[in-house]
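Undergrad: Following this message is one structure expressed as structure tokens.
The values are calculated or read from the model by the stated rules, or taken from the named source; none is laboratory data. What you see is a predicted model, and the numbers here were worked out from it, not measured in a lab. Cβ atoms come from the backbone with ideal geometry, glycine included; neighbour counts cover every protein chain shown. Ligands, DNA and RNA are excluded from the accessible area calculation, which covers all protein heavy atoms including side chains. Shrake-Rupley method; radii C 1.70, N 1.55, O 1.52, S 1.80 Å.
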Amino acid sequence: MGQIMTRSFHHFNCEDEQLIGTLDSGFEKTGLLIVSGGNEVRSGAHAGMSKLSHYVSNQGFPVFRFDRRGVGESSGENMEFMSSEKDIVAAAKQFQIVCPNLNKVVAFGNCDAATALALFGRPAEIESYLLANPWVIENDQSEPSETTSPGAAAIRSRYWDRIKNPRSFIDLLTGKINIAKLLKGLKQASKKQRNTGLAIKLRDALIETHNRIDILIAQKDTTALAFIASWKSSDYAELRERPNLSLLELDSASHSFADEKSKIWLQERILECLRTA
């Protein structure tokens with residue numbers, strides 16, 4: 001009879017605050033640390049991270065996820081992802097405490113959590129990184145939001161998709177498309193996207209990281225398109241030659257890999273990394 005996997009809840013300290021984490025048990029000596037993106041709680045949108053943890057645990061790998069300070073059940077003030085270094089380090093240490101047989105920790109994060117892991121993973125002693133759709137777009141808060149500009153690369157992709165659709169010409173002729181708005185969008189799309197300060201910080205962090213890094217990209221996702229524009233730029237030329245870094249792409253617009261095809265692809269990439277870490 002196989003081992004029965006269990007789910008347990010843990011509290012641990014981060015400076016003067018208390019963080020809450022969830023462990024899905026496993027018998028393997030490599031474990032998965034999940035860092036939540038945006039202001040998402042550890043269960044994820046529509047319990048996506050909870051379901052992912054359950055799946056990975058059933059393959060024998062322990063999984064630990066947590067709420068950073070000021071999010072979900074954790075105490076303190078939410079200082080956004082750029083202030084999450086101590087949270088990530090505290091969670092990685094707690095993972096080792098609740099799973100003392102762990103030899104290696106693989107970390108997964110999507111969007112700004114991917115960027116946070118790249119920036120702050122070294123002091124957390126992360127063995128391998130799974131970075132999905134890393135966030136390189138900056139606004140006043142340096143935090144993803146509904147009002148954040150998607151950047152020229154994403155706008156170009158959006159307009160190219162519309163141009164390829166014959167229906168767009170009919171909408172243009174019948175007045176369903178606002179000409180002034182269209183011209184404004186085309187002007188934005190024509191701009192050359194420059195790497196933000198955050199994109200440069202991410203590049204520098206990736207250069208300094210010599211452990212395995214798998215970058216997972218949903219090709220039609222707005223956040224991913226902005227990252228790919230940076231990836232293809234001269235600023236990232238050195239990274240494209242790094243043997244420890246792989247860029248893996250999926251033909252999908254699902255930012256969180258929520259549809260069935262994307263979900264399976266993400267599961268396979270995570271298990272592959274865990275098994276070969």
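Undergrad: Do we have any residue at all in segment 17-33 that's over 18 Å from Gln96 (Cβ atoms) and open to solvent by 10 Å² or more (accessible area, probe 1.4 Å)?
TA: Scanning segment 17-33, I find at least one residue that is over 18 Å from Gln96 (Cβ atoms) and open to solvent by 10 Å² or more (accessible area, probe 1.4 Å), so the answer is yes.
Undergrad: Could you please let me know if Met49 is surrounded by 14 or more Cβ atoms within 10 Å (Cβ to Cβ), under 22 Å from Thr115 (Cα atoms) and either over 16 Å from the mean Cα position of the chain (by Cα) or at pLDDT 95 or above (or both)?
TA: The answer is yes for Met49.
Undergrad: Have a look at Arg42, Arg69, Arg65 and point out the one that is outside any loop (DSSP other than H, G, I, E, B), closer than 30 Å to Thr223 by Cα, in contact with a helix residue (DSSP H, G or I) (Cβ under 7 Å, 6 or more places away or on another chain) and modelled with pLDDT of 95 or more.
TA: Of Arg42, Arg69, Arg65, the one residue that is outside any loop (DSSP other than H, G, I, E, B), closer than 30 Å to Thr223 by Cα, in contact with a helix residue (DSSP H, G or I) (Cβ under 7 Å, 6 or more places away or on another chain) and modelled with pLDDT of 95 or more is Arg65.
Undergrad: Sticking with this one: Do you know which residues across segment 232-265 are open to solvent by less than 30 Å² (accessible area, probe 1.4 Å) and over 21 Å from Leu206 (Cα atoms)?
TA: Leu250, Ser252, Ser254, Phe257, Ser262
Undergrad: How about segment 72-88: which of its residues are open to solvent by 30 Å² or more (accessible area, probe 1.4 Å), assigned to a helix (DSSP H, G or I) and of a type in the set (A, V, I, L, M, F, W, C)?
TA: Result: Met82, single match.
Undergrad: Hey, any hits in segment 52-71 for a residue that's within 17 Å of the chain's Cα centre (by Cα), open to solvent by less than 10 Å² (accessible area, probe 1.4 Å), hydroxyl-bearing (Ser, Thr, Tyr) and farther than 20 Å from Thr196 by Cβ?
TA: yes
Undergrad: Quick check on my filter: what residues within segment 89-123 are under 19 Å from Ile215 (Cα atoms), open to solvent by less than 10 Å² (accessible area, probe 1.4 Å) and either assigned to a helix (DSSP H, G or I) or in contact with a Pro (Cβ under 6 Å, 6 or more places away or on another chain) (or both)?
TA: If the condition is that a residue be under 19 Å from Ile215 (Cα atoms), open to solvent by less than 10 Å² (accessible area, probe 1.4 Å) and either assigned to a helix (DSSP H, G or I) or in contact with a Pro (Cβ under 6 Å, 6 or more places away or on another chain) (or both), then Asp112, Ala113, Ala114, Thr115, Ala116, Leu117, Ala118 are the ones that fit.
Undergrad: Residue under question is Ser142, and the condition is that it be of a type in the set (Ser, Thr, Tyr), part of a loop (DSSP other than H, G, I, E, B), open to solvent by 10 Å² or more (accessible area, probe 1.4 Å) and at pLDDT 95 or above; does it hold?
TA: When the stated conditions are applied, Ser142 does not pass them.
Undergrad: If you take the residues in segment 1-16 that are open to solvent by 30 Å² or more (accessible area, probe 1.4 Å) and assigned to a strand (DSSP E or B), which one is nearest to Phe257 (Cα to Cα)?
TA: Arg7
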